[in-house]
Amino acid sequence: MYKQSVEDPGKFWGKIAENFYFKKHHEGEFFDYNFDISKGDVYIRCMEGATTNICYNCLDRNINNGHGDKIAFYWEGNDPMDSTSITYKKLLAEVCKFSNVLKSLGVKKGDRVAIYPMIMELVVAMLACARIGAVHSIVFGGFSAESLSGRILDAKCDILVTADGVYRGTKLINLKEIADEALELCTQGGHTVSSCVTYYFISSTSMQMVWNKDVDRSWKDLMQSASSECDPEWMGSEDPLFILYTSGSTGIPKGVLHHVTGYMLYAATTHKYSFDYHPDDVYFCTADIGWITGHTYITYGPLLNCATSVMVAFEGVPLFPDPSRYWAIVDKYQVSKFYTAPTAIRALMKFGEEPIKKYSRSSLRVLGTVGEPINPEAWMFYHTVIGNSKCSIVDTFWQTETGGHVLTPLPGCTPTKPGSATFPFFGIVPAILSDEGVELEGPAEGYLVFKQPWPGIMRTVYGDHQRFERTYFTKFPGYYVPGDGCKRDEDGYIWITGRIDDMINVSGHLLSTAEVESSLIEHNLVAEAAVVGKPHSVKGECLYCFVTILEGSEFTQDLVKELKEKVRHHIGAFGTPDFIQNAPGLPKTRSGKIMRRVLRNVAKGNRDLGDVSTMADASVVEVLFKNRVE
Ligand code: PRX
């Protein structure tokens, strides 16, 4: 299948497309694209001319095939007593109702709707957007008001959908308050959101909230009178489906834009083959829908395959009510396919085997991982302890930009090696390039690139096509450059070695150093800041910040606290730095460029700095080691 998928991609994907409903079929070549910027604008089109609707394919098509009463989602709240489920038929009725609500608020095809996460209703809201052709832009619930407003402004969203609050462990997060602050910032930024629809999750009334009657609407009130029938909008294959922001190395997030048909085919196919999905499976992905993993592998992929999924209301490591929570859920629903992040596995390893062995986990067949390189120890723990040495481990490498898995083993088919994402998925042609852009053969290390398009690849950066070309297609014309380094071993296995740019991967979430640095510099005592990643036993990497403060001021623990708070406020809780150290001077080249390689070694306490001959003032290094924090 792989051979066919790369030799005749049109035939391969065309056959897969036959499983989906198209209102109008396409004619001509399956792909039309240009990856080579030296020959003109970069573009990717797939099945252009066809019309379809992804929501129809997720719901109506499955219901028409006789699966209306199948459970689409089992939902587990923060409190284990709080659980519910929804069938495909009921989900369609809810989606149609919310589609009608959106229409009544004036939302039309092509309009952008921001969603600041919440529970099961999030899936309803995103599918409703897809049904009427509106473009959803979901912002992870851990982001701050400032981050949320930046994203709403960039996409000029007219509507914001949110909830009053969510629980994370025992902590109640007041989402509505953050949303209100974000809307205020939007107005200050010159764009006023016309409606904010709030779902009361915590409370049944709006009593405790600030309620602006011009803007605020209650989800439940609007839904009460909405009809549960709504015809889908037939969308062109290359019409946009959603925007999802990802960190950019300049510090300004990029709105990754995915389009309807290509994303649909790729989400469904990767979900089917990477997890060896079968109709009687119960599938559980622990991600938050606010990230791409949730988009592709909680909502779209599983629903397109008519799967039954478990969805949880909490992200990260579920230690509530105890560290066995995942395994209690696995046994409760007899989960067969489980998908999580290395950071969660490492966090659970700390509690030992006992909380895991309390439950049988005998239903498990395939265990997936995503978000960052998985260290072999965590891989082995996943395999031997969590999977009772009888499950396939699938280490899936991909990005917000790729839409779905691009390197992954196939369960029961690909012999695995702990820590390697193994081989390309169908339709993916990777290569490893040297610094000079030469393709390296055999065992080699260099830049990971992809040579031809696949259906799920992003189409552009929202509102900035040049940034799309600059970021992914300019370094090596003719190739898509994801920004990761990799190694190929003597057996052809690919091993991701980490980012080649200034991005830091904290618990599977990419953060740009520039974005953190600009938050630090906002403090009036900070003259300069440089941020690097430091290895962390659970998070993979954490933020280690070097700050130079103004002459004559004092570096105190209060300042450290203020700076951490500043970054948290700017980005969100998950971006809070672990370390802030006083750096009276930063190591720079003679041309003034900060030598991050040296800073990474200082953060690690590694005195073997390599070649420092280009450093302008080598004496700063000793001071940095002296001020190092652990
Ligand atoms: O550096 C790679 C790392 O996460 C980046 C993509 O981040 P994001 O767009 O937020 O999407 C995360 C979920 C798909 C990649 O460029 N990454 C993701 N998965 C892996 C990985 N690194 C190594 N192994 C993986 N399996």
Please compute the net charge surrounding GLY255, taking Lys and Arg as +1 and Asp and Glu as -1 over other residues with Cβ under 12 Å from its Cβ.
+3
Selection from GLN557, ALA527, GLY478 lying farthest towards where the dipole of the stretch 477-563 points positive, charges on Cβ:
GLY478
Would you check the accessible area of ASP608, probe 1.4 Å, heavy atoms only, in square angstrom rounded to 10?
110
Relative contact order of the chain, please, whole-number percent, based on alpha carbon pairs below 8 angstrom and at least 6 residues apart.
12
Can you classify the chain as rounded, prolate or oblate using the Cα gyration tensor, where a ≥ b ≥ c are the square roots of its eigenvalues, rounded means a/c under 1.5, and otherwise it's prolate if a/b beats b/c and oblate if not?
rounded
Largest-first ranking of SER228, SER149 by accessible area, probe 1.4 Å, whole protein assembly kept, is SER228, SER149
Förster radius 25 Å - calculated FRET efficiency between CYS413 and MET380 (Cβ-Cβ, nearest 0.05):
0.75
Taking 0.36 nm per residue of separation and subtracting the Cα-Cα distance, what length does fully extending ASP82 through VAL210 add?
43.4 nm
Given axes a ≥ b ≥ c from the Cα gyration tensor, I'd like to know whether the stretch 197-251 is rounded (a/c under 1.5), prolate (a/b larger than b/c) or oblate.
oblate
Part-to-part distance (alpha-carbon centres) for the stretch 25-70 and the stretch 590-605, which is given in Å
46
Which net charge results for the neighbourhood of ALA17, defined as the other residues with beta-carbon distances under 15 angstrom from its beta-carbon, given Lys and Arg at +1 and Asp and Glu at -1?
+1
As I understand it, the dipole of the chain uses +1 on the Cβ of Lys and Arg and -1 on the Cβ of Asp and Glu, about the Cα centre. Which of ALA130, ILE16, VAL101 lies farthest toward its positive end?
ILE16
On the protein heavy atoms, probe 1.4 angstrom, tell me the percent of accessible surface of the chain carried by carbon and sulfur.
51
Given the C-alpha centroids of the stretch 159-189 and the stretch 509-567, what is the distance between them in whole angstrom?
25
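Under a Cβ-Cβ cut-off of 11 Å, what is the net charge of the residues other than LEU160 that fall near it, where Lys and Arg count +1 and Asp and Glu count -1? Intermediate values should be presented prior to the final figure.
Working: positive: ARG112, ARG151, LYS176, ARG217; negative: ASP158, ASP180, ASP216.
Every neighbour counted, the sum reads +1.
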Can you pull the one-decimal nm distance between simple spin-label points at THR614 and LYS70, each 7 Å off the Cα toward Cβ?
5.6
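What is the dipole size for the stretch 366-445, taken about its Cα centre, with +1 at each Lys and Arg Cβ and -1 at each Asp and Glu Cβ, in debye to the nearest 20?
About 600 debye.
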Cα gyration tensor of the stretch 507-627, axes a ≥ b ≥ c as square roots of the eigenvalues: rounded (a/c below 1.5), prolate (a/b > b/c) or oblate?
oblate
Report the Cα centroid-to-centroid distance between the stretch 453-476 and the stretch 377-425 in angstrom, as an integer.
27
If the chain between GLU177 and ASP491 were fully extended at 0.36 nm per residue, the gain over the current Cα-Cα distance would be 107.7 nm
At 7 Å along the Cα-to-beta-carbon direction for both SER194 and ASP464, put a label point, then send me their distance in nm to one decimal.
2.7
If the chain between GLU353 and VAL6 were fully extended at 0.36 nm per residue, the gain over the current Cα-Cα distance would be 120.6 nm
Of the peptides 46-58, 258-270, how do they stack up when ordered by the mean number of other Cβ atoms within 10 Å, highest first?
258-270, 46-58
Rounded to the nearest 0.05, FRET efficiency between SER203 and GLN334 (Cβ-Cβ, R0 25 Å) equals 0.15
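Tell me the mean residue ellipticity at 222 nm calculated for the chain from its helices only (DSSP H runs of n ≥ 4, each -39500 (n - 2.57), averaged over every residue, nearest 500).
-8000 deg cm²/dmol
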Over 28 Å (Cα to Cα) - which of LYS90/LYS171; LYS70/LYS176; LYS337/LYS357; LYS23/LYS337; LYS534/LYS564 fall in this group
LYS90/LYS171; LYS70/LYS176; LYS23/LYS337
At what distance in nm do the modelled label points of ILE37 and GLU551 sit from each other, each positioned 7 Å from its Cα along Cα→Cβ?
4.1
Per residue, how much accessible surface does the chain expose to a 1.4 Å probe? Answer in Å², no decimals.
39
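The values are calculated or read from the model by the stated rules, or taken from the named source; none is laboratory data. Nothing here was measured: the structure is a model prediction, and the numbers come from that model. FYI the Cβ positions are ideal-geometry reconstructions off the backbone, even for glycines, and counts take in every protein chain you see. Heavy atoms of the whole protein, side chains included, go into the accessibility calculation; ligands, DNA and RNA do not. Shrake-Rupley method; radii C 1.70, N 1.55, O 1.52, S 1.80 Å.
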